[in-house]
Amino acid sequence: FWRKLYAEKLAPQEAYPGDSLNDGKAAMATVGPWALAAYKNSVDIGVAPVPTADGGSDKHSFSDEKSAAMFSSCKNRATAWDVLKYASSAGQDGKFLGTTGQMPMREHLTEKYAAYFKAHPTYKAFADQAERVVEVPNVPGSIDIWQTFRDEWTKSVVFGRESTPTGLRNASSEITDLLNEYGDPS
């Protein structure tokens, strides 16, 4: 599906050196909620799910979740734990959403923060998608692994320099080799 979008020039193959939507060079962009503030005074924007082969909008995608951790060597664990609980509470997540427009990693966002989405309806599509996110696997060598996938995806899907099945098989083989090289994390 995506190979066809690129082949028919319905999606750009090269990165535009500016803001293609703001500059009138593109009719749509694949962006997150952070982009809405950038376009609010310059582009009459609407939000829709990323196109899929079957037209469905119920697909899962990777999140861009940010996490906090407390080291076992922390000298004031009880205090640190209280800070983490407070910082990740529903109330603080609501303030985070209200200040940034970024979706907290929390279930049922549109219900928990109904007033926000009533006042900011354009953000609702992002909250709906947040219900269907999965985390990127945290494995040793993940930077190299994702770069390998990106390289093969770009070569086969974006530019059509090899068939998509061949590119994805190549990525799978190279990623398996990388996983073996980095070893079992357990």
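Observations
- So A171, is it hydrophobic (A, V, I, L, M, F, W, C), modelled with pLDDT of 95 or more and not assigned by TED's automatic domain parsing to the domain that holds A11: yes
- Residue within segment 121-130 that is among the charged types (D, E, K, R), more than 30 Å from K4 (Cα to Cα) and surrounded by 10 or more Cβ atoms within 10 Å (Cβ to Cβ) present: no
- Looking across segment 134-183, the residues that are basic (K, R) and free of Cβ contacts under 8 Å to residues at least 12 places away in the same chain come down to R150, R161, R169.
- Unmet criterion (only one of (1) in a loop (DSSP other than H, G, I, E, B); (2) closer than 22 Å to G98 by Cα; (3) among the small types (G, A, S)) for S72: (2)
- Residues of segment 38-50 that turn out to be surrounded by 10 or more Cβ atoms within 10 Å (Cβ to Cβ) and farther than 16 Å from V133 by Cα, as a count: 7
- Flag if A27 is touching a helix residue (DSSP H, G or I) at 6+ places or on another chain (Cβ under 8 Å), among the hydrophobic types (A, V, I, L, M, F, W, C), assigned to a loop (DSSP other than H, G, I, E, B) and surrounded by fewer than 12 Cβ atoms within 10 Å (Cβ to Cβ): no
- Number of the condition not met by M103 [criteria: (1) touching a helix residue (DSSP H, G or I) at 6+ places or on another chain (Cβ under 8 Å); (2) modelled with pLDDT of 90 or more; (3) outside any helix (DSSP H, G or I); (4) surrounded by fewer than 17 Cβ atoms within 10 Å (Cβ to Cβ)]: (4)
- Pick from segment 131-141, criterion of a type outside the set (A, V, I, L, M, F, W, C) and in contact with a Phe, Trp or Tyr (Cβ under 9 Å, 6 or more places away or on another chain), ranking: surrounded by the most Cβ atoms within 10 Å (Cβ to Cβ): G141
- From T154, T110, T122, residue being outside the structural domain of K9 (by TED's automatic domain parsing) and part of a helix (DSSP H, G or I): T154
- Scanning segment 1-18 for residues that are among the basic types (K, R) and either more than 15 Å from K155 (Cα to Cα) or assigned by TED's automatic domain parsing to the domain that holds E162 (or both) yields one hit, K9.
- Inter-residue pairs, beta-carbon under 8 Å, first assigned by TED's automatic domain parsing to the domain that holds K112 and surrounded by 10 or more Cβ atoms within 10 Å (Cβ to Cβ) and in segment 68-90, second assigned to a helix (DSSP H, G or I) and not small (G, A, S), 6+ apart: Y86/Q92; A90/K112
The values are calculated or read from the model by the stated rules, or taken from the named source; none is laboratory data. Note that the structure is predicted; figures quoted are calculated from it, not measured. Cβ coordinates were reconstructed from backbone atoms using ideal geometry, including for glycine residues, and neighbour counts include every protein chain displayed.
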